């Protein structure tokens, strides 16, 4: 049985059970056994992280930055081994995905966190000189629990991704509950993270990692009063169960749940460049077998000839696509459930619709439905996580706008409009309707490909996330999730954090008496 | 029966009952009858605010700023009438409190909101030029429901205070559920607010006001999917009931619940200036009859002679103080309950402890308890909202630090230390323990008197509030509660909000490619 990283060492778990990962290419269990931790392990992790938190929150940020840079370098050194293991456990291709996209993304995030930690403008220091009142965002000084998703074994791994980077950048220890579908990758990452912790001299319990626990223990963990905050990326069902427990205990929880990422193809755009759009849509929808939070799950388009051609083209493209390899059996089972929900609500399968072999695969699938039915039945907004999209045919602009108004909160929405301005009026009205319903609004662009950019928002209104004011990606904004807004009133200069001292020896941008000084 | 301000007009309520305010000086009902709104009224308010939200979110900020300035001017014009009515309904003195402190605070907040709306740095615009990804905080474009407290009939009134100012500054309409203990004051404020809405040309449903509703309807209101967010200031019981309903529906709710605002008097400070501290403590504790969120409810002090002198002095001062006039009968009843809880947990009444006449009054009250008992029993952290404080006697520094570690989340904590440096070591350790437990940390200063300053944080960890990352006071930070973080990815320049357009014609501070430019 594999060990867990807890309380500053690799230890035997107090296992309530065990499990193995599968190789989805062969639909076969891998040999290693991993423990399902009992509460004892979680309690020990909480105790250790709570004890480490004050020292970590008082650590010089330079040391935190060194940790991130060291961790990134170690990930690069272990590159071949990591991507091979991740490919085995997830079926994701080594090239270009794991080796040339996801691993560099992971190390880039860690290095951006290092830069943000050194630069510190995310703390938003505010000083009112005459009143001698000062405030900035500071550490929670308490453990942050991170639940990682299945679809990014490296870049969103609970022990290596943006949530971990954000929480530690804010100088909080992390308890990582990694996703059980890629435990070997997670173990190797945790080894590297722990080596970086030791070499940079951070408290040993700055990072802890366990593979799995019961749902009950997960809820108990997030509702523990010692927890500073929680980051979760995964299914709506699992996330909402944790949210309920965390909310009841007053623990801030940041969720990234599910999204259908609607795409609006306006008539002028389709007339202008329908064939190119069909190719672009196929590329985005089937990339990574559609297993992205920002996968375009709903495409709203007119009921005219250009749209008919687009649909015909898209159906042919999906039909010609080989069945898509999935991450694991759970994804396949959820796809079956989601498709059943969509069909029972009135959607018709145009192409695909079934699982397929060898290994864990699913056909590239398109469904369609008319706009009035989509508007009337929220079941048609069920996320089908995988290579599946729903085409919504709208008679006219009014119907398209009504579809937009019926949308629940999403991570993204895209508006494709004619380059010659023919769609501009509709695009303006549509954008105003979509704006408060999504975190990221795109023009003439598919939503997959979440750039790690300071301005990126990977967030949005409920039920896409739990709060519309935050983002899970994008340094330094993502850091602010794991901070507290802290005020110093009449506090002597020597007792202030350096970011708020008169001297500003760090040269941090600050708002002084209402003016930003950089 | 008085009317409510709903859907752009003063209308008869769909009343499920009615009530009157009392004059606490005489403990007698005032003549006006006010409606308890049935759900029909709330539904109508929601419909009207939802319809008004898109137009408001697209309104030029200059018009919003004009509204705030116009409203402030109207409040000043109605000054005599407003403070007379507030005094009648709350028992708070016209001078200096209502006329010279609270009313100017109210108009100051509105004018600071106007300034923040024009200046817009609170939107935190971020631009990544090469990727053409841009983000800023923007309107929720949905109604914000505000529940006002009993203790500030003007400055925290749901129809005039910081929550209203913050929500409208972010360009969201407000449904104000004012506190039923000062309905006449609220009605007059709502009249002025509505006049300002009309004269500045905002959508008529930008402000709506109702007096009261059932607890069931309150929960239904905050869990309605049309609601953008909720601001609540009041009791822990009431706030947590609303939190549960809002959380379950995924509606962001900002709560300001309760706080005991611990004061630590270190030995050197007491030896140095004990008599002055006793006077300062009395002033803060009995100001406004102790009816402040930041009232110093717990005072931690040594068990030495200087502390004995301080306690003797404080007891004499409280004993000599006339019984304090309370806001209403509910405050008196809750004081009885809180005192009973404290006493049953082992606190001893040193002075006061009983209600008193004429009118609704309560004796200035001090209790004491030893540190080990305080640490062991969280009931001793019960807030007694009124002229009541608990003295906690600690044998030594270790006990004082243990008291700090046992504290739940609070709005504030104060550390008094010797000016000659004698307490510096303890103060440093103590401050590090207190920092993550409070929103505002003070040195040598009582926590009452929440300056309306950009750096002010009126917030703190649960259960003082529902989230440690926000503040209810302090422009512009308080505005950010009622915003969404919104990203524009590849969006054409002409479709961007002006804050994110290339030209930056407004000259707003922005972070461009990782550098703040002002």
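None of the figures in this text is laboratory data; all of them are computed from the coordinates on show. As the structure is a computational prediction, the values presented were derived from the model and not from experiment. Here Cβ is always computed from backbone atoms with ideal geometry, including for glycine, and neighbour counts include all displayed protein chains.
Sorting B:370-376, B:286-292, A:227-233 by average packing, meaning the other beta carbons within 10 Å per residue, from highest down gives A:227-233, B:286-292, B:370-376.
When only Cα pairs below 8 angstrom with a gap of at least 6 residues are kept, chain A shows a relative contact order of 17 percent. Ranked from shortest, the separations from the 7 Å Cα-to-Cβ label point of residue A:62 to its equivalents in the other copies are 4.9 nm. So what does log10 I(q)/I(0) come out to for the protein assembly as shown at q = 0.09 Å⁻¹, using the Debye formula with one equal point on every Cα and no solvent? Each listed q corresponds, in turn, to -1.01.
In this assembly of identical copies, the label point of residue B:131 (Cα plus 7 Å along Cα-to-Cβ) is separated from its counterparts by 3.6 nm, sorted shortest first.
Sorted from shortest to longest, the distances between the residue A:16 label points of this copy and the other copies are 4.1 nm, with each point 7 Å from Cα along the line through the beta carbon. Normalised by 2.2 N^0.38 Å, where N counts its residues, the alpha-carbon radius of gyration of segment A:263-443 equals 0.98.
Over the Cα atoms of segment A:417-518, the radius of gyration divided by the Kirkwood radius equals 1.14; this is the Rg/Rh ratio. When you restrict to C-alpha pairs under 8 Å that are six or more residues apart and normalise by the size of segment B:5-161, the relative contact order lands at 22 percent.
Principal-axis analysis of the Cα atoms of chain B puts helix B:424-434 at an angle of about 50° to the longest axis. Its alpha carbons considered, segment B:326-408 gives a radius of gyration followed by a Dmax of 13.7, 45 Å. The fewest-to-most ranking of A:88, B:255 by surrounding Cβ atoms within 10 Å reads A:88, B:255. Under the criterion of Cα pairs below 8 Å and six or more residues apart, the relative contact order for segment B:263-443 equals 28 percent. Pairs of C-alpha atoms in segment A:1-140 farther apart than 17 Å represent 75 percent of all such pairs.
Shielding by partners for peptide B:509-515, expressed as the average number of C-beta atoms from other protein chains within 10 Å of each residue's C-beta, is 5.
Rg/Rh, computed from the Cα trace of segment B:444-486 with Rh as the Kirkwood radius, has the value 1.02. Using the Cα gyration tensor of segment A:158-207, with a ≥ b ≥ c the square roots of its eigenvalues, what is the shape: rounded (a/c below 1.5), prolate (a/b larger than b/c) or oblate (neither)? Oblate, since a/c reaches 1.5 and b/c is not below a/b.
Inter-chain neighbour count for B:406-416: the average number of beta-carbon atoms from partner chains within 10 Å of each residue's beta-carbon is 1.
Every Cα-Cα pair in segment A:207-313 was counted, and those over 18 Å apart are 62% of them. Here segment A:283-363 has an Rg and Dmax of 13.3, 40 Å, counting Cα atoms alone.
Counting every other Cβ atom within 10 Å of each residue's Cβ, B:513, A:502 order from fewest to most as A:502, B:513. With the alpha-carbon atoms of segment B:142-272 aligned to their principal axes, the span from lowest to highest coordinate is 60, 35, 27 Å, starting with the largest. The fewest-to-most ranking of A:458, A:137 by surrounding Cβ atoms within 10 Å reads A:137, A:458.
Nearest chain B C-beta to the B/A rotation axis, reported as residue and distance in angstrom, is B:247, 2.
Of all DSSP bridge pairs formed entirely within segment A:263-443, close to 25 percent run antiparallel.
Computed from the alpha carbon atoms alone, the convex hull of chain B holds 147 Å³ per residue. Take the alpha carbon atoms of segment A:114-166, find their center, do the same for segment B:25-73, and report the distance between the two centers in whole angstrom. Taking the Cα centre of segment B:25-73 as reference, the centre of segment A:114-166 is 37 Å away.
Among A:207-213, A:42-48, A:164-170, B:463-469, the peptide with the highest mean count of other Cβ atoms within 10 Å heads the list, and the full ranking is A:164-170, A:207-213, B:463-469, A:42-48.
For peptide B:447-459, the mean count of partner chain Cβ atoms within 10 Å of a residue's Cβ comes to 6.
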